[in-house]
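The values are calculated or read from the model by the stated rules, or taken from the named source; none is laboratory data. Here the structure is a predicted model, which means the values were calculated and not measured. Here Cβ is always computed from backbone atoms with ideal geometry, including for glycine, and neighbour counts include all displayed protein chains.
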Amino acid sequence: LVIPDQFYDHTRRRVASFFGDGIVAHVGMAEPVCPDLASRLYTAAVGTGARVHRGGTYLCIEGPQFSSKAESRIYRAWGVDVIGMTNMPEAKLAREAELCYATLALATDYDVWHESEEAVTVEAVVANLLKNVATAKDVLRRVVPLIALPRTCPCPGLLKNAVITAPGAFPPATRRKLGLLIGKYFPAPPRRARAAKRVRLRRGRRRG
């Protein structure tokens, strides 16, 4: 088992942000994993008796194909520890949603750079994945009781200074769409204020 603390996004065709359409936000990704949740996950994983590695870099490839030998060697030269197809862009989206996020990677095989190991096959991956299912369930049973509120990590305030668009310039439709994420920082204006703004806009058009 591996609990990585860094990610490299090598995907190409996935939507990687909730923002856009007139509202811009830049959430920090220097430390993409919640330290508190990762610590609890590590404690729970060790409790199963499995071999657990804390930390490391997870590279997310687009897939669905496995890596070529050339790609695998390059990734290894980059210092990548784990390769998968699932953790990006979810790690980025979790940051934007101010969620506590951590990954429990279930190793299924060596990548194709390892000449003494067999080439990666779907059969081998599935067989090892099934072996990991029981361990993963055990980790979940152990980690849930360790998660408590209120949160004391930085995650609940990640968007506080991330939105750079002026609130007055928020497109109404985008504000509504992102209300669950930004509402606590930028409450929607009262209905009367919105109605007054519409009246002013109509008057301005008539004058023109």
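So, of the residues in region 68-85 that are touching a residue at least 12 places away in the same chain (Cβ under 8 Å) and in a helix (DSSP H, G or I), which turns out to be farthest from residue 104 (Cα to Cα)?
So, considering only residues that are touching a residue at least 12 places away in the same chain (Cβ under 8 Å) and in a helix (DSSP H, G or I), the one farthest from residue 104 (Cα to Cα) is 69.
On the given criteria, is residue 56 at positive phi, surrounded by fewer than 18 Cβ atoms within 10 Å (Cβ to Cβ), assigned by TED's automatic domain parsing to the domain that holds residue 122 and modelled with pLDDT under 95?
Numbers: at positive phi: yes; surrounded by fewer than 18 Cβ atoms within 10 Å (Cβ to Cβ): yes; assigned by TED's automatic domain parsing to the domain that holds residue 122: yes; modelled with pLDDT under 95: no.
No: the conditions fail for residue 56.
Residue under question is residue 141, and the condition is that it be of a type in the set (Lys, Arg), in a helix (DSSP H, G or I) and assigned by TED's automatic domain parsing to the domain that holds residue 38; does it hold?
Yes.
If we scan region 104-126, do we find a residue that is over 20 Å from residue 12 (Cα atoms), within 16 Å of the chain's Cα centre (by Cα) and not in a helix (DSSP H, G or I)?
Scanning region 104-126, I find at least one residue that is over 20 Å from residue 12 (Cα atoms), within 16 Å of the chain's Cα centre (by Cα) and not in a helix (DSSP H, G or I), so the answer is yes.
Applying the selection to region 151-186, what residues are touching a strand residue (DSSP E or B) at 6+ places or on another chain (Cβ under 6 Å) and either loosely packed, with under 12 Cβ neighbours inside 10 Å or of a type outside the set (A, V, I, L, M, F, W, C) (or both)?
165, 174
How many residues does region 144-168 contain that are within 19 Å of residue 27 (Cβ to Cβ) and in a helix (DSSP H, G or I)?
The total comes to 4.
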